[in-house]
Amino acid sequence: MSQDKIIVRGAREHNLKNIDLEIPRDQLVVITGLSGSGKSSLAFDTIFAEGQRRYVESLSAYARQFLGQLEKPDVDDILGLSPAISIDQKSASRNPRSTVGTITEIYDYLRLLFARIGHPHCPVCGRPIERQTVQQMVDHVMALPKDTRIMVLAPLVKDRKGEYKHIFEDVRKAGYVRVRVDGEVRDAAETPSLDRYKMHSIEVVIDRLAVDDDIQTRLADSLETALKLGGSTALVVQVDEKKKKEMRFSELFACPLGHTSVEEFEPRTFSFNSPHGACPSCTGLGTTLEFDPDLIMPNPHISLAEGAVLPFTQTQHSHDGYHWQLLSSAAKHYDIGLRTPVKDIPKDKLDKLMYGSGEETITLHYENRYGRSREYSTTYEGIIPNLERRYKETNSDYMKTEFFERFMSSRPCPVCKGQRLKPEVLAVTVGDKSIVEITRSSIGEALDFFEGLDLTDRERLIAAQILKEIRARIRFLVDVGLDYLTLDRAAATLAGGEAQRIRLATQIGSGLTGVLYILDEPSIGLHQRDNARLLKTLVHLRDIGNTLLV
């Protein structure tokens, strides 16, 4: 058998008519032909399918059970095959959390870079965040009302999976009698049984005391012990409050004016897919679903009686008869004719119907299906608050997606303004830019930024390997003609050709050799001026020892 060729014998997949051919290995080979002539049937459904099937069959029986059985293509034999990777024009991920940065893993390296050499700033005043002294911490606690009961805690584990039996053993040996596990104070002598697959937080109770003028020395000693045990972090919890208020102190980062203090940053702090970094309002999506008046009343030329309020007229549920009657009562109170077109209703009156009567009490009339009627005086909830409440209360996914969400629009999150991250995370900079500013610039601009990044000797030493990976991956995207994209571009909005070239750039970064790459029209949608760059990339993949079938 010749090792410098891929030999196909008797290919009959789809419209192929018993094709025999030889393809040179370690070359860039192009298959051309009219639409429907069998190019994809030969490349993807025959050569790639058989290469993938043989690779899967080489795995253990245990691994194969997770991959499923692959069908053998209709071909007599294929010789000289390598493990095959297909880079086709399948649509990109529809996950709203997937971006160009996450697909290419550039964002993962950016998170690591910002966690290691980022400069934190106060999100309120913009000043650089500095280390806190124990005396500053004591002053913050002493500002609480007199006789406030507090606990001083040393955090040992924060939102991590595991059973942590050894930690409870160490706590007992150190002489501490209480621990707080997932917000509940327990006796340290009783080792709690924790679910190893769930997130847990564990803190040691260092001291319990009430705020008074004579506790400053004791409080300072307790905080120093907590900082030593908690890795430069301490917690002070008010135990009198129903909703326990926590003050988190760190020897590492705090605003000089006392606006905020933050813990030492980790890579997950900069992830919008993690609760540690994501904006709590939109959970890292950057957008929120809100009820849209234009979807609730899409036709302003018809009246309320003619069905202008779609959510109250497009369902057969009896409780909507109730909501319609309340709307009619509110319209009567505000002297709005049920036969008046919506466009002719004064805006202030229409707002009352849409958002509620506020503190104003009105008389509501309701008649049930049995003819019994009742009247009562109360505030009117309003169409949008009513829909919002029912949307939150329903347990039916069908009602949420098929009914309520028809009247909702996606809008930028009002808290993070579409930036996905917490304010304290957005205030961390590298080279005077936040992580969001970098991802919102084009890939070409991002490359210029990292090429010209001015760092101190210490920062350069820490970030050398991280920056090497970031620059290399961004260059690969530039080489395949994608320098106009931004790293925060949603994967769902990419064209087929763009998604394919992103996967191609990822493969270049992997540095694999001895692989059979099968590409489906990689230049589709690419401007003519960028074709040379793409070809240079493909030639590079071939030159490092791979076979390309295009």
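Bins of 5 Å, beginning at zero and ending with the bin holding the largest distance: percent of Cα pairs per bin for segment 263-361, please.
The calculated distribution, bin by bin, is 2, 11, 17, 17, 12, 7, 7, 7, 7, 6, 4, 2, 0.
From the Cα trace of the chain, what convex hull volume per residue do you get, rounded to a whole Å³?
277
Average projected area of the Cα convex hull of segment 179-268, in nm²?
8.1
Among 229, 269, 239, which residue has its Cα positioned farthest towards the positive end of the charge dipole of the chain, with +1 placed on the Cβ of Lys and Arg, -1 on the Cβ of Asp and Glu, and the dipole taken about the Cα centre?
The residue sitting farthest along the positive end of the dipole is 269.
Taking 8 Å as the Cα distance limit and 6 or more residues as the minimum spacing, I'd like the relative contact order of the chain as a percentage.
Computed over the chain, the figure is 20 percent.
Determine, from the Cβ-Cβ distance of residue 495 and residue 3 and an R0 of 51 Å, the FRET efficiency 1/(1 + (r/R0)^6), rounded to the nearest 0.05.
Plugging the Cβ-Cβ distance into 1/(1 + (r/R0)^6) gives 0.85.
Below 8 Å, C-alpha to C-alpha, sequence gap of six or more: please give me the relative contact order for segment 139-291 in percent.
Reported relative contact order: 24 percent.
Taking a 23 Å limit on the Cα-Cα distance, which of the listed pairs 158/198; 158/245; 165/228; 400/422; 422/468; 173/245 fall beyond it?
400/422; 422/468; 173/245
Could you work out what % of the accessible surface of segment 419-518 is carbon and sulfur, using a 1.4 angstrom probe and leaving DNA, RNA and ligands out of the count?
49
For residue 253, what accessible area in Å² do you get when you roll a 1.4 Å probe over the heavy atoms of the protein chains, rounding to the nearest 10?
50
Taking only Cα atoms of segment 360-413, what ratio of Rg to Rh do you get with Rh as the Kirkwood inverse-distance radius?
Radius of gyration relative to Kirkwood radius: 1.11.
Once amide H atoms are built 1.01 Å from N in the peptide plane, which residues 5 or more positions from residue 253, or in another chain, come under 5 Å H to H?
When sequence neighbours closer than 5 places are left aside, the close amide H contacts are 132, 262.
Using 7 Å Cα-to-Cβ label points, what is the residue 245/residue 95 separation (nm, one decimal)?
Output for this residue pair reads 3.9 nm.
Under the Karplus relation 6.51 cos²θ - 1.76 cosθ + 1.60, θ = phi - 60°, what is the ordered set of whole-Hz ³J(HN,Hα) values for segment 126-142, x standing for Gly and Pro?
Karplus values, whole Hz, x for Gly and Pro: x, 6, x, 7, 10, 5, 9, 8, 4, 5, 4, 5, 4, 4, 4, 5, 5.
Please report the carbon-and-sulfur percent of the accessible area for segment 55-117; probe 1.4 Å, protein heavy atoms only, DNA, RNA and ligands left out.
Looking at segment 55-117 in its full context, I get 49 percent from C and S.
Percent of accessible area on segment 183-275 owned by carbon and sulfur, 1.4 Å probe?
Carbon-and-sulfur percentage of accessible area, whole number: 44.
Determine the order of 350, 534 by accessible area, beginning with the largest, at a probe radius of 1.4 Å.
I get 350, 534, largest accessible area first.
What number does segment 22-131 give for Rg over Rh if you use C-alpha atoms and the Kirkwood radius?
Over the Cα atoms of segment 22-131, Rg/Rh equals 1.22.
Can you list, largest first and rounded to whole Å, the semi-axes you get for segment 420-483 by taking the square root of 5 times each eigenvalue of its Cα gyration tensor?
20, 17, 9
So which lysines can residue 332 reach, going by Cα to Cα under 22 Å and dropping same-chain residues fewer than 8 places off?
In chain and number order, the partners are 343, 347, 349, 352.
Rounded to the nearest 5, what % of DSSP beta bridges with both residues in the chain are antiparallel?
Just about 85 percent of them are antiparallel.
How large is the Rg to Rh ratio of segment 370-443 when both quantities use alpha carbon positions and Rh follows Kirkwood?
Ratio value, two decimals: 1.26.
Given a 1.4 angstrom probe, what's the average accessible area per residue across the chain, in square angstrom?
Accessible surface, normalised per residue, equals 53 Å².
Mean separation of Cα pairs under 8 Å and 6+ residues apart, divided by the residue count of segment 1-120: what relative contact order is that in percent?
29
As a test of reading the structure, rank 35, 261 by solvent-accessible area (1.4 Å probe, protein chains only), most first.
35, 261
The values are calculated or read from the model by the stated rules, or taken from the named source; none is laboratory data. Small disclaimer: the values here were computed from a predicted structure and weren't measured. Glycine also receives a Cβ, built like all others from the backbone with ideal geometry; neighbour counts cover every protein chain displayed. Just the protein is used for accessible areas: all its heavy atoms, side chains included, with ligands, DNA and RNA removed. Shrake-Rupley method; radii C 1.70, N 1.55, O 1.52, S 1.80 Å.
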